[in-house]
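Q: Mind looking over this structure? Questions follow.
The values are calculated or read from the model by the stated rules, or taken from the named source; none is laboratory data. Note that the structure is predicted; figures quoted are calculated from it, not measured. Neighbour counts run over all protein chains shown; Cβ positions are idealised from the backbone, glycine included. Just so you know, the surface numbers come from the protein's heavy atoms only, side chains and all, with ligands and any DNA or RNA stripped out. Shrake-Rupley method; radii C 1.70, N 1.55, O 1.52, S 1.80 Å.
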Amino acid sequence: MKQLLRPLTLLFLALVTIGCEDPVPTDYKPEVVVQAFLIVDQPIKDVQVYWSQPMTDSFSYQRATIRDAEVWVVEGAARYPLRYVGDTTGGHYEAADSAVRIRPLTTYRVEVRVGQAFVVGTTTTPDRIAWIKDLPPELDYPGRENELLPVDSLKVRWTIPAPGMEYVLRMTCLDTLNYGTYLTPPTDETNGRIRDKELVDENEPLGRLPVRLAFVQAPDVFSWAAFKYFGMHEFSVYAGDRNFVNWFKQITFTRQYNELLNSVTGGIGVVGSASVVHDTVFVRR
């Protein structure tokens with residue numbers, strides 16, 4: 001998730017500083033930004049805290065990251081302190097006790113204190129989801145001329161935690177370099193892209209990642225357009241709460257900050273949650 005969200009949020013935060021057709025301010029005052037996604041059955045991790053940045057300077061996660069924030073995740077009477085962990089992209093906060101797992105159908109509160117700023121957000125986690133019908137282990141790519149032919153047998157289905165939910169689908173190529181490694185017997189054949197220069201998002205941060213995202217409102221879906229590459233892929237379905245879905249829509253579709261969709265008080269950002277299922281599939285040439 002962090003590999004995907006970092007470049008997306010970079011673009012989003014740049015737009016936050018401008019607003020809708022507003023001039024670049026000369027007296028810009030940074031705000032605390034919190035991005036916390038709590039994933040059911042996973043540890044508390046990848047909570048990001050940083051300063052928003054003005055458009056008068058290039059954006060850098062290393063420079064923007066706040067390393068001395070006090071961060072807690074609260075669930076009922078339990079209060080879990082988070083620690084800062086540095087990495088090459090700026091760092092994040094995670095629970096010291098990795099045995100603590102996010103529970104379904106539970107309300108969590110995230111609190112962040114930076115100096116005099118106090119940012120708070122809450123989320124109620126969805127129920128678990130499970131596959132009803134997942135993808136087969138291998139798919140034979142039919143060629144560009146056959147991409148739109150019906151493939152009902154390949155449509156995937158999952159359980160619905162609650163009515164009216166929306167889902168974030170993510171297809172990630174796990175190895176953009178090697179193709180023959182996964183064949184039987186193995187070969188030294190290299191991987192390649194299905195669409196070389198026809199990606200509409202090629203000039204965006206997301207276009208340079210081996211990832212495709214989509215929003216759907218119901219199961220029973222499949223599209224060859226989900227694949228950028230041949231080879232081994234991971235397919236993920238996130239059943240998110242409203243905060244999770246709204247934040248993704250802002251940073252991928254509108255790309256303009258809407259404070260009505262802000263899910264924290266005292267700053268900018270999101271405290272959301274989701275349940276997730278994963279599956280792997282190998283796309284053959």
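Q: Run the helix sum for the chain: -39,500 (n - 2.57) per DSSP H stretch of 4+ residues, divided by residue count, reported at 222 nm to the nearest 500 deg cm²/dmol.
A: -3000 deg cm²/dmol
Q: Please report the projected area of the stretch 86-217's Cα convex hull averaged over all directions, in nm².
A: 13.8 nm²
Q: Compute the longest continuous run of the chain that contains no exposed GluC sites (Glu not before Pro); treat a site as exposed when its DSSP state is not H, G, I, E or B and it has at most 12 other Cβ atoms within 10 Å.
A: 22-197
Q: Find out how many positive minus negative residues lie around residue 219, taking Lys and Arg as positive, Asp and Glu as negative, among other residues whose Cβ is under 14 Å from that of residue 219.
A: Within the 14 Å Cβ shell, the charges total -2.
Q: Further question: Lysine pairs in the chain 8 or more apart or on different chains: how many have alpha carbons under 26 angstrom apart?
A: 13
Q: Same structure again: Considering only 69, 59, 217, whose Cα is most displaced toward the positive end of the charge dipole of the chain, charges sitting on Cβ of Lys, Arg (+1) and Asp, Glu (-1)?
A: 69
Q: Would you work out the charge dipole size for the chain about its Cα centre, treating the Cβ of every Lys and Arg as +1 and the Cβ of every Asp and Glu as -1, and quote it to the nearest 20 debye?
A: 340 debye
Q: Given that just one value was derived from the coordinates, which of (1) 6, 28, 34, 23, 8, 0; (2) 6, 26, 32, 23, 11, 2, 0; (3) 5, 24, 26, 19, 14, 8, 3, 0 is P(r) over Cα pairs in 10 Å bins from 0, in percent?
A: (2)
Q: I would also like to ask the following. To the nearest 20 debye, what is the magnitude of the charge dipole of the stretch 21-157 about its Cα centre, counting +1 on the Cβ of each Lys and Arg and -1 on the Cβ of each Asp and Glu?
A: Charge dipole of the stretch 21-157: 560 debye, to the nearest 20.
Q: Tell me the per residue accessible area of the chain using a 1.4 Å probe; a whole number in Å² is fine.
A: 49 Å²
Q: What nm distance separates the two modelled labels at residue 107 and residue 225, each placed 7 Å from Cα along Cα→Cβ?
A: Simple spin-label model gives 4.0 nm for this pair.
Q: Highest GNM mean-square fluctuation, the chain, Cα pairs closer than 10 Å: which of 194, 129, 39?
A: Comparing 194, 129, 39 in the GNM, the peak value goes to 194.
Q: Using 1/(1 + (r/R0)^6) with R0 = 41 angstrom and r between the beta carbons of residue 70 and residue 183, what's the FRET efficiency to the nearest 0.05?
A: 0.20
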